[in-house]
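Structure first, then comments.
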Amino acid sequence: MVLDFVKPSPLGTSWGLGGTCVNVGCIPKKLMHQAALLGQALKDSRKFGWEYEEQVKHNWETMTEAIQNHICSLNWGYRVTLREKSVTYANSYGEFVEHHKIKATNRKGQETFYTAGKFVIATGERPRYLGIPGDKEYCITSDDLFSLPYCPGKTLVVGASYVALECAGFLAGIGLNVTVMVRSILLRGFDQEIAEKIGAYMELNGVKFLRKYIPVKIQLLEEGTPGRLKVVAQSTEGSETVEEEYNTVLLAIGRDSCTRKMGLEKVGVKINEKTGKIPVNDEEQTNVPYIYAIGDVLEDKPELTPVAIRAGKLLARRLFGGRLEKCDYINVPTTVFTPLEYGCCGLSEEKAMELYKKDNIEVYHTFFWPLEWTVAGREDNTCFGKIICNKRDDNRVIGFHVLGPSAGEVTQGFAAAMKCGLTKQLLDDTIGIHPTCGEIFTTMEITKSSGLTISQKGC
Amino acid sequence: MAQRVVLRRFLAPVLFRKLPRCRWGPLPPEVLAQGSSGRPAAALCLARTFSTTKISKVTFNVQDGPDFQDRVVNSDTPVVVDFHAQWCGPCKILGPRLEKMVAKQEGKVLMAKVDIDDNTDLAIEYEVSAVPTVLAIKNGDVVDKFVGIKDEDQLEAFLKKLIGC
């Protein structure tokens with residue numbers, strides 16, 4: 001049995017079956033990112049000989065309608081799949097009332113009680129709000145953005161998470177005036193050298209950054225679709241304030257686990273009181289033996305769709321299929337779909353230095369200029385690749401990083417290679433495919449420690 | 001065409017008292033001979049009273065399970081049921097096309113439209129996986145079915161088969 005219930009966002013947005021990824025995450029994000037990439041491709045196309053008269057402009061409603069139609073078809077697909085596997089589905093909010101028993105409340109407030117031998121918590125997270133005047137009334141989050149019925153217009157994105165940067169990226173890519181307000185660093189937890197390059201590229205391409213500021217007040221100047229909002233922001237380093245008017249304020253400052261109001265305390269499930277996350281053992285079991293958890297609610301595990309799916313599948317097999325395999329959370333690849341995409345697998349340089357110490361690691365790096373960018377006249381010495389090797393373990397590749405087009409596609413194959421124990425030697429022995437971006441990883445020679453320059457010169 | 005429908009609405013409760021089932025037997029010639037000028041306001045009022053539940057046009061939207069039971073399962077006339085969704089592109093093509101072909105059959109077959117998001121239980125009960133799915137229902141049983149788009153000739157053949165058998 002599956003209980004899925006979406007509590008509407010403060011602005012009233014809700015969605016169907018499938019979770020965050022399908023409805024308000026990966027899927028609509030990647031489609032909107034694609035819309036922005038196509039805009040860029042149109043710009044490049046003239047250099048490749050395409051001639052057209054019309055001024056190119058973007059229609060928000062056309063894009064969101066098409067994306068929402070696709071999402072609805074996915075929602076339906078999940079209903080069908082559940083039915084085919086004889087899984088009962090209830091669109092109800094579940095909470096524990098006592099051991100082995102839950103109360104399910106549907107939209108109309110009707111309560112039904114269920115008992116079960118085992119439970120799996122996969123309730124995920126929702127966007128965090130700032131806690132300042134006007135935030136819940138006037139700001140939107142990623143929960144609202146992907147189905148917004150009107151173009152957001154001049155937008156302020158608050159935050160420096162991958163959600164913030166990805167959204168800022170595609171909004172700017174479809175032609176909107178976008179500012180990103182950042183409290184401290186970009187992409188916390190990711191390799192910082194690359195995070196800064198991502199920010200620099202976005203800034204070069206028209207996204208404004210307000211670094212070291214936080215909003216303190218949001219006021220409504222005029223209602224509308226979109227309306228006009230005034231944002232007052234305070235510097236984190238002094239008493240300076242800035243004020244600016246925007247059509248839309250998008251908050252992307254983090255996500256909070258949905259574990260507080262489901263009666264976990266009634267059955268004794270321990271959660272991290274500060275973060276709401278659930279600690280589990282390597283079999284996704286909570287401190288209560290018959291209650292398990294998977295996905296974004298887990299403490300210290302990557303918050304990624306494929307991780308949750310894999311953990312869930314293996315858990316089911318262990319519980320009911322007699323299998324023993326556990327989910328491997330090491331070397332999980334991921335990609336950030338900012339305008340310049342970033343794919344990575346393994347450790348950031350900071351983490352590698354912390355775990356293995358500087359003398360034991362070797363970092364190889366290079367800039368590269370994708371062939372398609374040459375004729376298009378796009379930037380050189382911008383796309384970047386880096387691998388981090390463990391000198392004490394046969395130069396094992398412990399960190400893979402690529403900043404460039406189709407980063408996700410490039411990274412996927414290397415993630416499999418790392419699972420097989422990829423070493424620098426094996427990479428060198430691999431012959432590259434030409435002309436591609438990925439081939440740079442088969443010919444990397446310059447190390448950071450050598451101090452040699454990696455900037456490419458001239459033609 | 002519209003005039004005929006109005007006359008039917010007016011006459012149906014008079015000629016066919018059995019409710020809630022709709023009956024579309026052939027109208028007596030003297031009724032059909034009446035011209036359009038004689039369309040009384042009363043007929044329109046009657047039509048409004050009955051239109052949503054008992055007396056239907058050739059094509060109608062299913063409101064819920066009981067409505068489906070009423071107008072499709074218990075229908076004396078064969079019904080093609082078009083399961084569709086707002087988010088489905090091909091449905092927007094098939095729907096009007098099927099409606100047109102059904103209208104050509106002059107009342108020998110009716111068409112029920114079911115939005116699968118509004119009537120999910122119904123769609124699940126009839127095992128609809130993909131849309132558009134069209135079922136042919138006669139005397140309460142599913143006698144034929146197809147999934148996806150068909151052209152006019154194929155639809156004509158599908159309908160004729162349903163009416164014929």
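The values are calculated or read from the model by the stated rules, or taken from the named source; none is laboratory data. Everything numeric in this text was worked out from a predicted model, so none of it was measured. In this analysis, Cβ positions are derived from the backbone assuming ideal geometry, glycine residues included, and neighbour counts consider all displayed protein chains. With ligands, DNA and RNA removed, areas are computed over all heavy atoms of the protein, side chains included. Shrake-Rupley method; radii C 1.70, N 1.55, O 1.52, S 1.80 Å.
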Segment A:Lys136-A:Asn91, length gained on full extension (0.36 nm per residue, minus Cα span): 13.7 nm
Length-normalised contact order of region A:343-459 in % [C-alpha pairs under 8 Å, at least 6 apart]: 31 percent
Accessible area buried at the A-B interface, both sides summed, 1.4 Å probe (Å², nearest 100): 900 Å²
Stretchable slack from A:Glu245 to A:Asn106, in nm (0.36 nm times residue separation minus alpha-carbon distance): 46.0 nm
Total charge dipole magnitude, region A:162-226, about the Cα centre, Cβ charges on Lys, Arg, Asp, Glu only, Debye to nearest 20: 260 debye
FRET E, pair A:Asn381, A:Ser45, Förster distance 22 Å, beta-carbon r, rounded to 0.05: 0.40
Sulfur and carbon atoms: percent of accessible area, chain A [1.4 Å]: 53 percent
Values of log10 I(q)/I(0), in the order q = 0.13 Å⁻¹, for region A:302-459 under a Debye, Cα-only, solvent-free model: -0.67
Separation in nanometres of the label points that stand 7 Å from Cα toward Cβ, at A:Thr275 and A:Glu61: 4.3 nm
Per residue, the convex hull volume that the Cα atoms of region A:65-113 enclose (Å³): 99 Å³
Mean separation of Cα contacts under 8 Å (6+ apart) over length of chain A, as relative contact order %: 13 percent
Amide hydrogen neighbours beyond the local backbone of B:Lys113, cut-off 5 Å, H modeled: B:Phe60, B:Asn61, B:Val62, B:Asp82
Listed pairs A:Lys29/A:Lys208; A:Lys7/A:Lys208; A:Lys266/A:Lys326 exceeding 27 Å between Cα atoms: A:Lys7/A:Lys208; A:Lys266/A:Lys326
Span from the region A:200-260 Cα centroid across to the region B:123-144 one, whole angstrom: 51 Å
Shape parameters for the protein assembly as shown, alpha-carbon atoms, Rg then Dmax in Å: 30.4, 104
Whichever lysines have a C-alpha closer than 30 Å to that of B:Lys161, once near sequence neighbours (fewer than 8 apart) are set aside: B:Lys18, B:Lys54, B:Lys57, B:Lys92, B:Lys100, B:Lys104, B:Lys108, B:Lys113, B:Lys138, B:Lys145, B:Lys150
Net charge dipole size for chain A [Lys, Arg +1 and Asp, Glu -1 on Cβ; Debye, nearest 20]: 1280 debye
Stretchable slack from B:Ser129 to B:Lys104, in nm (0.36 nm times residue separation minus alpha-carbon distance): 6.1 nm
log10 of Debye I(q)/I(0), alpha-carbon scatterers only, for region A:128-254 at 0.17, 0.18 Å⁻¹: -0.83, -0.94
Under 13 Å, Cβ to Cβ, from A:Leu171 - net charge with Lys/Arg +1 and Asp/Glu -1: +2
Helical mean residue ellipticity (222 nm; -39500 (n - 2.57) per DSSP H run of 4+; nearest 500) of chain A: -9000 deg cm²/dmol
Kirkwood-based shape ratio for region A:250-353, expressed as Rg/Rh from alpha carbons: 1.01
Under 13 Å from the Cα of A:Lys357 - aspartates and glutamates, other chains or at least 8 residues apart: A:Glu349
Computed log₁₀ I(q)/I(0) - Debye formula, equal Cα scatterers, no solvent, region B:59-164, q 0.12 Å⁻¹: -0.33
Projected label distance in nm at A:Lys419 and A:Leu204, using a 7 Å step from Cα toward the beta-carbon: 3.4 nm
Per residue solvent-accessible surface (Å²) - chain A, probe of 1.4 Å: 51 Å²
